[in-house]
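Notes to accompany the following structure.
The values are calculated or read from the model by the stated rules, or taken from the named source; none is laboratory data. Computed from a predicted model, the values in this text were never measured in an experiment. Cβ placement follows ideal geometry from the backbone for every residue including glycine, while neighbour counts extend to all protein chains displayed.
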Amino acid sequence: MNHDEAPVLDALAQYHQRDYANFCPPGHKQGRGADEAVRRTLGTDVFRSDLLATGGMDDRLSRGKVLERAQDLMADAVAAEQAFFSTCGSSLSVKSAMMAVAAPGDEMLIGRDAHKSVIAGLTLTGIKPVWVRPRWDDELHLAHPPSPEAFEDALEAHPDAVGALVTSPSPYGTCSDLEGIAEVCHRRGKPVIVDEAWGAHLPFHDELPTWAMDAGADVCVVSIHKMGAGFEQGSVFHLQGDLVDPVRLKQSADLLSTTSPNVLFYAAMDGWRRQMVLHGKDLLGGALRLARSVRAAIDALPGLNVVEDQLVAKEASHDLDRLQIMIDTLEAGISGYQASDWLRAERAVNVGLADHRRIVAQFTFADDEKSADRLLTALADLTRTSLPAPRSVVLPAPRELELESVMSPREAFFAAQETVPADEAAGRIAAEQLTPYPPGIPAILPGELITAGVVEYLRSGVEATMAVPDAADQSVRTIRVVRSA
């Protein structure tokens with residue numbers, strides 16, 4: 001296929017050339033009606049290209065097949081059989097993929113390190129999860145992805161499960177052995193869905209971890225905005241093989257998607273695909289070299305340690321996206337929360353993830369020596385700054401974090417509920433999810449039996465400035481539980 005073309009961008013250019021008069025949405029009429037202060041901040045071109053996908057970018061019957069051609073080019077770019085664009089983020093896309101594979105009441109193997117959007121999918125659909133546990137690292141106090149052997153054991157115990165859902169890469173950049181997991185599942189005719197939200201860039205450089213389609217996944221979902229150059233909410237489904245019905249996948253997406261997709265999202269995804277096919281190897285190669293030098297420079301700073309080899313050691317993660325730089329702040333005597341807050345407040349530097357002892361600095365092909373120097377200067381200043389001793393986060397034994405599921409997330413969410421003090425929640429069934437965010441992996445799910453250890457972890461975390469935004473009580477002084485009979 002001709003990857004010099006970008007059908008959505010070309011259609012937008014033609015739209016502007018014809019200078020259409022619009023008596024249809026959007027109501028701002030290409031920005032003419034937008035508030036002046038809004039236009040000054042956002043720019044007029046944002047509004048100028050905000051138009052209907054059908055009846056604007058293309059005609060009312062979509063005879064130009066603009067979106068279809070852009071999706072075909074995306075699939076060809078990454079060697080998938082089909083690709084579908086979504087403007088509602090991978091949070092929606094992963095739900096659609098789940099619905100394409102499983103019906104209400106069906107069992108599905110799901111890594112317990114799944115994003116909160118997967119739990120929302122379980123609540124909406126009534127799919128019953130068979131949790132596959134990550135591997136807890138007592139030294140680093142984080143979870144490595146579940147192994148193929150763990151999926152094998154889960155399938156042995158639940159042979160009627162209709163498929164598996166794997167999250168890889170994680171927000172930390174750690175990756176599952178997707179090839180091994182796909183082999184385990186495909187041997188039994190089970191499809192594999194990969195939530196690869198953090199991996200849209202993986203197909204475009206050999207030094208990056210294995211792309212899900214190359215590893216044998218049947219469906220993978222990527223967020224173009226995370227490691228690519230799309231707008232927030234831009235997402236793509238990729239599909240291959242005959243284990244997932246493409247019509248069912250598209251219908252599932254249609255059930256959940258907006259009927260008013262933002263053409264700007266399509267345009268950015270279309271242009272990014274062309275950019276990656278034509279220049280991705282060079283751009284990502286430069287980003288990897290830059291990230292390598294930044295890792296070495298950070299490691300030389302007092303009190304800061306780049307975590308790398310430990311993440312791919314035996315019994316740890318299968319691979320690592322080295323554009324995600326995990327920085328341990330433990331030796332500096334500060335928490336990741338403190339480091340993140342100080343960098344933002346004092347040096348106007350934002351990092352994507354922070355926890356009780358580390359931050360993660362994300363590099364992409366958009367970074368250069370100037371942005372790298374700004375990060376390194378800010379981190380060096382951080383090491384010379386005196387901050388109060390951090391509040392400690394109580395980290396219970398792994399068994400206290402591995403909660404027992406006694407109801408499905410859907411059953412618990414819709415059950416009669418009551419609110420109890422957090423110190424009385426142990427032994428009760430959770431009716432809400434409580435998710436330290438980022439990274440967005442729930443510590444407690446609806447339907448799980450709450451332990452004192454996980455309550456103490458969350459309570460101490462909040463006191464140390466952990467964010468738990470989806471809790472009904474974000475201070476976690478109270479927790480919603482299933483009402484006792």
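Tell me yes or no: at least one residue of region 78-90 is loosely packed, with under 14 Cβ neighbours inside 10 Å and not assigned by TED's automatic domain parsing to the domain that holds residue 249. Scanning region 78-90, I find no residue that is loosely packed, with under 14 Cβ neighbours inside 10 Å and not assigned by TED's automatic domain parsing to the domain that holds residue 249, so the answer is no.
The residues of region 214-243 that are aromatic (Phe, Trp, Tyr) and either closer than 16 Å to residue 71 by Cα or in contact with a strand residue (DSSP E or B) (Cβ under 6 Å, 6 or more places away or on another chain) (or both) amount to a single one, 237. The lone criterion from (1) within 30 Å of residue 381 (Cα to Cα); (2) part of a helix (DSSP H, G or I); (3) small (Gly, Ala, Ser) left unmet by residue 271 is number (1). Within region 223-237, the set of residues being in contact with a helix residue (DSSP H, G or I) (Cβ under 7 Å, 6 or more places away or on another chain) and of a type in the set (A, V, I, L, M, F, W, C) comprises 224, 229, 231, 236, 237.
Checked against the criterion of being closer than 30 Å to residue 335 by Cβ and surrounded by 22 or more Cβ atoms within 10 Å (Cβ to Cβ), the candidates 294, 307, 312 yield just one match: 294.
Taken over region 417-438, the criterion of being part of a loop (DSSP other than H, G, I, E, B), surrounded by fewer than 20 Cβ atoms within 10 Å (Cβ to Cβ) and out of contact with any strand residue (DSSP E or B) (no Cβ under 6 Å at 6 or more places or on another chain) is satisfied by 426, 427, 437. No other residue among 297, 291, 287 is of a type outside the set (S, T, N, Q) and in contact with a strand residue (DSSP E or B) (Cβ under 8 Å, 6 or more places away or on another chain) apart from 291.
It is to be established whether one or more residues within region 263-275 are within 30 Å of residue 164 (Cβ to Cβ), surrounded by fewer than 22 Cβ atoms within 10 Å (Cβ to Cβ) and under 21 Å from the mean Cα position of the chain (by Cα). No, region 263-275 contains no residue that is within 30 Å of residue 164 (Cβ to Cβ), surrounded by fewer than 22 Cβ atoms within 10 Å (Cβ to Cβ) and under 21 Å from the mean Cα position of the chain (by Cα). In the set (1) in a helix (DSSP H, G or I); (2) under 24 Å from residue 201 (Cβ atoms), residue 346 fails one condition alone, (2). Taken together, 410, 384 contain a single residue that is out of contact with any Phe, Trp or Tyr (no Cβ under 9 Å at 6 or more places or on another chain), of a type in the set (Lys, Arg) and surrounded by 14 or more Cβ atoms within 10 Å (Cβ to Cβ), which is 410. Residues that are surrounded by fewer than 19 Cβ atoms within 10 Å (Cβ to Cβ) and either assigned to a helix (DSSP H, G or I) or more than 28 Å from the chain's Cα centre (by Cα) (or both) are absent from region 350-363 altogether. Residues that are outside any loop (DSSP other than H, G, I, E, B), over 21 Å from the mean Cα position of the chain (by Cα) and touching a residue at least 60 places away in the same chain (Cβ under 8 Å) within region 103-148 comprise 128, 137, listed in sequence order. If only residues of region 317-329 that are at pLDDT 95 or above and in a loop (DSSP other than H, G, I, E, B) are counted, the one that is nearest to residue 139 (Cα to Cα) is 329.
Annotation: of all residues in region 276-316 being assigned to a helix (DSSP H, G or I) and within 22 Å of the chain's Cα centre (by Cα), the one that is nearest to residue 376 (Cα to Cα) is 291. Filtering 389, 412, 430 for residues that are not β-branched (Val, Ile, Thr) and not assigned by TED's automatic domain parsing to the domain that holds residue 462 leaves a single hit, 389. Close contacts from region 446-457, counting a first residue that is surrounded by 23 or more Cβ atoms within 10 Å (Cβ to Cβ) and a second that is of a type in the set (Ser, Thr, Tyr) and assigned to a loop (DSSP other than H, G, I, E, B), with Cβ to Cβ under 8 Å and a gap of 6+ residues or different chains, come to 447/408.
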